[in-house]
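Structure, as C-alpha coordinates:
The values are calculated or read from the model by the stated rules, or taken from the named source; none is laboratory data. This structure is a prediction, so every number in the text was calculated from the model and none was measured. Quick reminder, even Gly has a Cβ in these numbers, built from the backbone with ideal geometry, and neighbours come from all protein chains shown. With ligands, DNA and RNA removed, areas are computed over all heavy atoms of the protein, side chains included. Shrake-Rupley method; radii C 1.70, N 1.55, O 1.52, S 1.80 Å.
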Amino acid sequence: MRKITATELARNLRAVLDRVRESGESYVVERGGQPVVQVSPTPGRQDAQQALADLYRTLPPEAAKDWLDDARRGGEALDDALRDPWAS
(Lines give C-alpha, C1' and ligand atoms only; values in the text may rest on other atoms or scores of the structure.)
Protein backbone atom coordinates (compact mmCIF):
# COMPACT_ATOMS: atom_id res chain seq x y z
CA MET A 1 0.00 0.00 0.00
CA ARG A 2 1.44 3.31 -1.05
CA LYS A 3 1.46 6.47 1.06
CA ILE A 4 0.51 9.83 -0.42
CA THR A 5 0.02 13.25 1.12
CA ALA A 6 -3.32 15.01 0.99
CA THR A 7 -1.68 17.72 -1.13
CA GLU A 8 -0.39 15.14 -3.64
CA LEU A 9 -3.83 13.56 -3.79
CA ALA A 10 -5.50 16.93 -4.40
CA ARG A 11 -3.07 17.76 -7.20
CA ASN A 12 -3.25 14.32 -8.83
CA LEU A 13 -6.71 13.04 -7.95
CA ARG A 14 -7.62 11.88 -11.45
CA ALA A 15 -4.33 10.01 -11.95
CA VAL A 16 -4.55 8.38 -8.51
CA LEU A 17 -8.13 7.24 -9.13
CA ASP A 18 -7.14 5.87 -12.54
CA ARG A 19 -4.31 3.83 -10.96
CA VAL A 20 -6.65 2.53 -8.27
CA ARG A 21 -9.19 1.45 -10.88
CA GLU A 22 -6.76 0.00 -13.42
CA SER A 23 -4.12 -1.68 -11.28
CA GLY A 24 -5.92 -2.18 -7.97
CA GLU A 25 -3.37 -0.08 -6.06
CA SER A 26 -4.39 1.23 -2.64
CA TYR A 27 -3.22 4.46 -1.03
CA VAL A 28 -3.06 5.74 2.52
CA VAL A 29 -3.55 9.49 2.47
CA GLU A 30 -1.63 11.35 5.14
CA ARG A 31 -2.07 14.85 6.49
CA GLY A 32 0.67 16.22 8.69
CA GLY A 33 2.39 12.83 8.64
CA GLN A 34 -0.67 11.08 10.11
CA PRO A 35 -2.84 8.63 8.15
CA VAL A 36 -6.27 10.10 7.49
CA VAL A 37 -7.99 7.91 4.92
CA GLN A 38 -7.43 4.94 2.65
CA VAL A 39 -8.25 4.98 -1.05
CA SER A 40 -8.83 1.42 -2.33
CA PRO A 41 -10.66 -0.22 -5.21
CA THR A 42 -14.22 -1.32 -4.59
CA PRO A 43 -15.16 -5.00 -4.77
CA GLY A 44 -16.08 -6.16 -8.25
CA ARG A 45 -19.69 -6.35 -9.32
CA GLN A 46 -21.46 -9.68 -9.25
CA ASP A 47 -24.53 -10.95 -11.03
CA ALA A 48 -27.19 -12.87 -9.09
CA GLN A 49 -25.74 -16.26 -10.03
CA GLN A 50 -22.29 -15.30 -8.73
CA ALA A 51 -23.72 -13.82 -5.54
CA LEU A 52 -25.68 -16.99 -4.79
CA ALA A 53 -22.96 -19.42 -5.89
CA ASP A 54 -21.71 -20.16 -2.36
CA LEU A 55 -25.00 -19.69 -0.55
CA TYR A 56 -25.37 -23.43 0.04
CA ARG A 57 -22.06 -23.43 1.92
CA THR A 58 -23.17 -20.77 4.40
CA LEU A 59 -26.65 -22.08 5.16
CA PRO A 60 -27.27 -24.55 7.98
CA PRO A 61 -27.91 -28.02 6.47
CA GLU A 62 -31.68 -28.00 7.14
CA ALA A 63 -32.14 -24.53 5.61
CA ALA A 64 -30.01 -25.49 2.61
CA LYS A 65 -32.15 -28.60 1.98
CA ASP A 66 -35.38 -26.60 2.25
CA TRP A 67 -34.01 -23.93 -0.08
CA LEU A 68 -32.90 -26.53 -2.63
CA ASP A 69 -36.27 -28.31 -2.48
CA ASP A 70 -38.09 -25.00 -3.04
CA ALA A 71 -35.81 -24.10 -5.93
CA ARG A 72 -36.35 -27.48 -7.62
CA ARG A 73 -40.14 -27.16 -7.40
CA GLY A 74 -39.79 -23.98 -9.47
CA GLY A 75 -43.07 -24.18 -11.38
CA GLU A 76 -45.22 -24.54 -8.30
CA ALA A 77 -46.77 -21.47 -6.71
CA LEU A 78 -44.70 -19.82 -4.01
CA ASP A 79 -46.07 -19.21 -0.57
CA ASP A 80 -47.03 -15.52 -0.62
CA ALA A 81 -48.15 -15.45 2.99
CA LEU A 82 -46.59 -12.64 4.98
CA ARG A 83 -44.62 -13.96 7.93
CA ASP A 84 -43.14 -12.16 10.93
CA PRO A 85 -39.42 -13.04 10.89
CA TRP A 86 -39.16 -12.30 14.62
CA ALA A 87 -42.05 -14.51 15.65
CA SER A 88 -40.95 -17.59 17.56
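List of remarks:
- Its alpha carbons give the chain an Rg and a Dmax of 23.0, 64 Å.
- Spacing of the two label points (7 Å from each Cα toward its C-beta) at Ala51 and Glu22, in nm: 3.1
- Rounded tilt (10° steps) of 13-23 against the dominant C-alpha axis of the chain: 50
- Axis angle, to the nearest 10 degrees, between helix 61-73 and the longest C-alpha principal axis of the chain: 70 degrees.
- Here the accessible area is traced with a 1.4 Å probe on the protein chains. For segment 1-50, carbon and sulfur cover 48 percent of it.
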